[in-house]
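The values are calculated or read from the model by the stated rules, or taken from the named source; none is laboratory data. Keep in mind that what you see is a predicted model, and the values were worked out from it rather than measured. As a convention, Cβ positions derive from the backbone with ideal geometry for all residues, glycine included, and neighbour counts pool all protein chains shown.
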Amino acid sequence: MARTAPPAARGEAPAAARGERRKTAAQMRRRVLGAPPVWRELLLVVLFYSAYTLTRLILVQDGTGPAFEHADQILRLERALGLDIELHLNEALLTMPWLARTANVFYATMHFIVTLGVIVWLYRYRPDHYRWLRTSIMVATGAALIGFWLYPLAPPRFLEHEGFVDPVTALHSLGLYASDASGTLTNQYAAMPSMHAGWALWCGVVLVKLASQAWAKVLGALYPGTTVVVILATANHYVLDAVAGISLVGGALWLSWALYERCPPPLLIARARVSHLLAQRGARRAGAPAPAAPAPRCASRT
C-alpha cells in the first residue's frame, strides 16, 4: 500500500508564509536604511566636492578688503577674551624647522586623506551608520559655504604686520599653497569656519564611536586636537575659526543623529511606508501574498 506524506499541521503554511514575508520586509528595510549603492555615493561625493570647491572660488570675487577687516575683528575679539594663542604657537613652530615642515605636509594632506579614508571605511565596515554620518558632514560643509560667503576672512599667515610667518613660504616647504597655481585654484579667504577642524572632529567621532580596535579609538581621539594645533601653529586659522568649525560639525552630527536614529514621527512614518511599498513589490515578484503594513519603528543601532 502506497504511503502518503502526512498532511501539514494546521497553521504551519500560514506561519511559514508570514515568516517569509517578515524576512522579505526586513531585507527591504535593510536596503532602505543601510548603505546606498557605491556608484551613487561616488557620484555624490564628486558632485558635492566639485560644487564645494567651485563655490569657494566664486565667493572670493568680491575682493579681499572685507577679509582683512574681519581678520582685525577676530584678533581684537580673541585678545579681549584671552584666546589669541596663534602667534605664540606660530613662533614656537618656526624654532623647529623639521616640525614645521611636517606640520605643513600634515595640513596639506591629512585633511583629505583621513576624511576620505574614514568615509570609505565607514561605508565598507559600518554601513548601518553610513547614511546619518555622511549626511552630517555634507550638511555641515554646505552650511560652511554660507560662512565663507557672509564672512570672508584673511588667515593669520597674511598678517605679516602682526608678526605671523607662513612656514610654507619661510621654509620653502611643501604645503597646500606652496605654488602660485595652487593658491589661485582655491579661496584662501575661506577661513571661517575651519573645516579642517570640523572634518577632523567628524573623523574622530566616527573612529571613537565605531572602531573596534583600541589603537584606532586612540587615534580618533587624538586626531581632532592635533589638527587644531597644526592649523593654528601654521598660521592658517584662528582659534575662533576652529571653535566655529567644531560647533558646526557637532551640531550637524546631533541633528543628523536625531533625524536618522531617534526617528521623529514624520520621518518614521515615511520610512515605514517606503519599507511597506518595497516589501509589497518583492512579494509580488515572488508570487507571495502582499504583506501587512509594518508598524513604524526605528531600527536599533547599537
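Residues considered: 230, 274. Of these, the only one that is in a helix (DSSP H, G or I) and modelled with pLDDT of 95 or more is 230. The single condition from (1) under 11 Å from the mean Cα position of the chain (by Cα); (2) within 19 Å of residue 217 (Cα to Cα) that residue 139 fails is (2).
Taking the stated definitions as given, is residue 259 assigned to a helix (DSSP H, G or I) and either within 22 Å of residue 139 (Cβ to Cβ) or at pLDDT 90 or above (or both)? Against the criterion (assigned to a helix (DSSP H, G or I) and either within 22 Å of residue 139 (Cβ to Cβ) or at pLDDT 90 or above (or both)), residue 259 qualifies.
Considering segment 78-95, the residues that are over 29 Å from the mean Cα position of the chain (by Cα) and either surrounded by fewer than 16 Cβ atoms within 10 Å (Cβ to Cβ) or free of Cβ contacts under 8 Å to residues at least 60 places away in the same chain (or both) include one that is farthest from residue 239 (Cα to Cα), namely 95.
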